[in-house]
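Structure record follows, encoded as structure tokens.
The values are calculated or read from the model by the stated rules, or taken from the named source; none is laboratory data. Computed from a predicted model, the values in this text were never measured in an experiment. FYI the Cβ positions are ideal-geometry reconstructions off the backbone, even for glycines, and counts take in every protein chain you see.
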Amino acid sequence: MLATIRSAAVIGIDAYDVSVEVDCAQGLPMFTVVGLPAGAVKESRERVSAAIVNAGFKLPARRTTVNLAPADRRKDGTGFDLPIALGVLVATGQLSPDRVANVAAVGELALDGTIRPVRGVLPIARQLAGARGVTLIVPPGNVREAQLVSEARLAAPASLGELVRDLRHRCLTSPDPLPNVMPAVLDVPDLRDVVGQEAAKRAIEIAAAGDHGLLLVGPPGAGKTMLARCMPALLPALSETEALEVLAVHSVAGLLQPECAPAPLRPFRAPHHTISTAGLVGGGSPARPGEVSLAHLGVLFLDEMLEFPRHTLDAMRQPLEDGHVVIARAAGSVRYPARFTLLGAMNPCPCGRAGDPSQRCTCASADVLRYRLRLSGPLMDRIDLNVTVKAVPVRQLASPEQSEVSAAVRVRVEHARARQRERYISLGWPQANGRAPGRWLQSSTPIEPDARELLATAAERIGLSARAFHRVLRVARTIADLSEDDVTRAVHVAEALRFRPMSSRHAPDQDFSFVE
């Protein structure tokens, strides 16, 4: 007898329909899975066989063939266990075919028949939400993320036996609705706790307002990490569409908790410098999203940036430019979103004392040059803002004066983002100046003549590349938005030029000199 159960698989952060076809025929007892199954899918025959028997059903000694259609796409993961088990029960006559006509299933089976959570349920729920009359059966551990798709009809039985009983009695019950979740509280430092460093605070505000990359350079203990960790408190909340994008990436990566919030905070990822290239940009077999994708619509913070291998850092050049990562393999390619704000921190030399008037640098010139060359020119060209963070005098640390709180800065950032959203929403672009085409800004936004002349003169004198030219213009537009000015003026361009990265401002044989 032939049975067909509807399911789905995930590629990247998108899902596609999969038909699980099961045929139980006379012949030598064997269990075969075809349709380009990966190792975890092939092993499902052992889990499914044990789960069916331990759940109280029979597994006749027949030749069982399972086909996962479309058969030309590689299938991976343990989510096909449940639909295969249902297909076997229907094909052996233990469950009526009409009972599974309007269901789709995904889930891993334990040997005792318990249904365990799997990766990627959120994209699958989004894929099947548009199918009229179809109920998606998910593991109890994945029900909360599936409920984030309001249009999806769901059922979440705890075991195979419970599911078959409900199907026989046509009483699949929907899980309890999402409880009201209190808004998450950001446990991050506040800008008011950072003493001094006014230029760095201004740069972080600009980076948050326009989605611009930022590099902080200074000696150990100057406050670079603390400044970077203030960034999440300045970013606006995610929209509903953005929240689903972020949750989809984390669902595919298997990082969603059962109590995931409907409106998550913007991601803040801070990988260690020993991370591999595949861990940073994605890869592996099967392909998994890397840190640049897990930071999608949030912040990727690289502390001790020059301790990362140069080839690992250079792997970020394409996602910084395009906003996505394509992992290409012989069997196909996978695309993950990677629209993040890059935030880096580094020492000026291996000992960290270069440029510090109170301490002497002990590094040899060759060591300093080798250290700095770990950050390539093309990557520096893609970082919009660069600031020196000098050590704060101890006497100033004891001062009772406090600077502006993060909440006040966030209000300005939200207003600037709202102006950008209004500017770009009709064009279908990412709604931030840092992602806008430079040529469009140059031709379609008001720029006063003095600002154009200043930008052209600066580009000639300091040798800006075409990319750097447009990035200065994007930063100037963000500064104008923070000032609630519809016109990009010379003062905005001048401030943007002060924050240009070192590779665009100095010849290779010159020492570093940054905005302070």
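Quick look at the numbers
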item	result
Count - residues of region 420-472 that are more than 30 Å from residue 237 (Cβ to Cβ) and not in a loop (DSSP other than H, G, I, E, B)	22
Qualifying position, being in the same structural domain as residue 84 (by TED's automatic domain parsing), under 29 Å from residue 256 (Cβ atoms) and part of a strand (DSSP E or B), among 23, 17	17
Among the residues listed as 179, 157, the single one being at pLDDT below 90 and of a type outside the set (A, V, I, L, M)	179
Filter pass, residue 83 being in the same structural domain as residue 16 (by TED's automatic domain parsing), crowded, with 21+ Cβ neighbours inside 10 Å, touching an Asp or Glu at 6+ places or on another chain (Cβ under 7 Å) and assigned to a helix (DSSP H, G or I)	no
Residue under evaluation residue 220, criteria (1) in contact with a His (Cβ under 6 Å, 6 or more places away or on another chain); (2) within 29 Å of residue 352 (Cβ to Cβ), criterion not met	(1)
Filter result (touching a helix residue (DSSP H, G or I) at 6+ places or on another chain (Cβ under 8 Å) and closer than 16 Å to residue 20 by Cα) within region 97-116	97, 99, 100, 103, 104, 105, 106, 107, 108, 109
The lone exception for residue 61 - which of (1) surrounded by 14 or more Cβ atoms within 10 Å (Cβ to Cβ); (2) in a loop (DSSP other than H, G, I, E, B) it fails	(1)
Single condition residue 166 does not satisfy, out of (1) touching a residue at least 24 places away in the same chain (Cβ under 8 Å); (2) touching a strand residue (DSSP E or B) at 6+ places or on another chain (Cβ under 8 Å); (3) assigned to a helix (DSSP H, G or I)	(1)
Residues of region 276-312 satisfying the condition of being of a type outside the set (Val, Ile, Thr), under 25 Å from residue 204 (Cβ atoms) and surrounded by fewer than 21 Cβ atoms within 10 Å (Cβ to Cβ)	303, 304, 307
For residue 339: the one exception among (1) modelled with pLDDT of 90 or more; (2) not in a loop (DSSP other than H, G, I, E, B)	(2)
Filter result (in contact (Cβ under 8 Å) with a residue 40 or more places away in the chain and in a strand (DSSP E or B)) within region 322-335	325, 327, 329, 332, 334, 335
Selection status of residue 319, at pLDDT below 90, closer than 24 Å to residue 469 by Cβ and not in a loop (DSSP other than H, G, I, E, B)	no
Residue 82 being under 21 Å from residue 329 (Cβ atoms), modelled with pLDDT of 95 or more and either within 34 Å of the chain's Cα centre (by Cα) or basic (Lys, Arg) (or both)	no
Cross-chain or 6+ apart pairs with Cβ under 6 Å, region 247-268 first and closer than 17 Å to residue 300 by Cα, then at pLDDT below 75	265/184
Unmet requirement for residue 349, which otherwise passes all of (1) among the hydrophobic types (A, V, I, L, M, F, W, C); (2) under 17 Å from the mean Cα position of the chain (by Cα); (3) crowded, with 21+ Cβ neighbours inside 10 Å; (4) more than 23 Å from residue 148 (Cβ to Cβ)	(2)
Any hit, region 385-400, residues being assigned by TED's automatic domain parsing to the domain that holds residue 226, closer than 30 Å to residue 443 by Cβ, surrounded by 15 or more Cβ atoms within 10 Å (Cβ to Cβ) and within 19 Å of the chain's Cα centre (by Cα)	no
Extreme residue, modelled with the lowest pLDDT, among residues of region 401-420 that are within 25 Å of the chain's Cα centre (by Cα) and of a type in the set (S, T, N, Q)	406
Any pair with Cβ under 6 angstrom, 6 or more apart, that starts in region 446-470 at a residue that is under 21 Å from residue 434 (Cα atoms) and ends at one that is part of a helix (DSSP H, G or I) and of a type in the set (Ser, Thr, Tyr)	464/504; 468/504
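Quick grid of which residues meet (1) under 30 Å from the mean Cα position of the chain (by Cα); (2) at pLDDT below 85; (3) not assigned by TED's automatic domain parsing to the domain that holds residue 345; (4) not basic (Lys, Arg):
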| residue | (1), (2), (3), (4) |
| --- | --- |
| 477 | yes, no, yes, no |
| 499 | yes, no, yes, yes |
| 504 | yes, yes, yes, yes |
| 508 | no, yes, yes, yes |
| 511 | no, yes, yes, yes |
